[in-house]
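The values are calculated or read from the model by the stated rules, or taken from the named source; none is laboratory data. Remember, predicted model here, so these are calculated numbers, not experimental data. Cβ placement follows ideal geometry from the backbone for every residue including glycine, while neighbour counts extend to all protein chains displayed. Each accessible area value is taken on the protein alone, full model and side chains, heavy atoms only, with ligands, DNA and RNA left out. Shrake-Rupley method; radii C 1.70, N 1.55, O 1.52, S 1.80 Å.
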Amino acid sequence: MPAREPRIDVGIAPGALDADAGWVLMASEDLARATPPDDVVDCRGLREWALREGALPVGDAPHTIGITANYRTTVESVQVHVVSDPAPYTGGTPSVRLVCLPRPDADLPFPESDAARIKAGGGTGLPFSRVPERVALPGPHEVTPRSPAEVEVVVDLTGTPGPFAYRIGIDVVEQNELRRFPMTEPMFATEDGGGMGYWPATATWTMSPDRTRTYCEPVTNPAPDAKPTCA
């Protein structure tokens with residue numbers, strides 16, 4: 001039986017959050033008013049459902065990089081960079097803040113992740129730098145056929161326009177050799193939607209003790225003591 005050709009590969013997916021971690025996404029009006037399936041019982045499940053249905057990340061977006069190999073090896077280091085992409089966004093207009101709170105007394109913002117961070121704009125202007133910043137993630141990582149490695153990185157989307165597409169490039173140094181993998185497929189994100197003189201509509205799900213949703217109407221030019229109309 002011929003020996004298998006050694007192969008190492010990487011993939012990337014939205015990073016997982018703890019079940020009791022709150023978050024903010026932007027969603028279309030239809031999605032913000034939709035009811036998730038009955039088996040969505042915590043903020044982690046609601047986020048996974050909302051992203052599948054077309055909600056877009058804003059602010060700090062966690063990503064999980066998975067490294068697989070069909071042989072035992074050590075990955076000495078991982079580097080990532082972010083570049084813009086011209087792919088058009090074809091989903092519904094992300095005009096509503098979609099918020100999840102694990103319980104009624106929870107507050108946003110939640111503590112930031114301690115994962116490595118990379119700025120989508122490269123820190124040199126928006127929407128993206130001509131020379132993307134490369135960020136080295138903590139290592140090394142032992143990888144075997146039955147034990148892939150996972151590395152967390154947070155992409156800082158603050159200040160970027162929206163909706164917009166981006167790709168992530170991943171390089172690894174393995175057995176003292178630099179391996180560059182093809183850029184990911186386009187991923188989409190957006191700005192928060194609020195600004196001076198405007199509060200976007202907000203749909204807030206509270207997951208415990210009962211799953212409930214509150215919808216607040218948008219407010220233009222709010223007075224200092226203004227409160228949105230919510231139901």
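Miscellaneous remarks
- Here the sum of -39500 (n - 2.57) over DSSP H runs of 4 or more residues, divided by the residues of the chain, equals -1500 deg cm²/dmol at 222 nm, to the nearest 500.
- Dimensions of the range 164-231 along the principal axes, based on C-alpha atoms and rounded to the nearest Å, stand at 60, 35, 19, largest first.
- Computed about its Cα centre, the charge dipole of the chain is approximately 460 debye, with only Lys, Arg, Asp and Glu carrying charge at their Cβ.
- Amide N of the range 81-109 lying under 18 Å from the label point, which is placed 7 angstrom from the Cα of Ala165 along Cα→Cβ: 82-94
- Net charge, Arg103 excluded, C-beta distance under 15 Å - Lys, Arg +1, Asp, Glu -1: -3
- The longest stretch of the chain left intact once loop-based GluC sites (Glu not before Pro) with at most 16 other Cβ atoms within 10 Å are removed from consideration, loops following DSSP, is 134-231.
- Distance between the range 171-221 and the range 1-50 - C-alpha centres, whole angstrom: 12 Å
- Here the chain exposes an accessible surface that is 51 percent carbon and sulfur, computed with a 1.4 Å probe and the other protein chains kept in place.
- Farthest toward positive dipole pole in the chain [+1 Lys/Arg, -1 Asp/Glu at C-beta], among Val58, Trp23, Leu108: Val58
- Residue-count net charge about Gly159 - beta-carbon cut-off 15 Å; Lys, Arg +1, Asp, Glu -1: -3
- Label-to-label distance for Asp38 and Thr90 is 3.4 nm, based on points extended 7 Å past Cα in the beta-carbon direction.
- Under the combined filter of DSSP loop state and at most 10 neighbouring Cβ atoms within 10 Å, the range 128-231 retains these trypsin sites (Lys or Arg not before Pro): Arg130, Arg146.
- Rounded to 10°, Cα long-axis angle of helix 43-52 versus longest principal axis of the chain: 80 degrees
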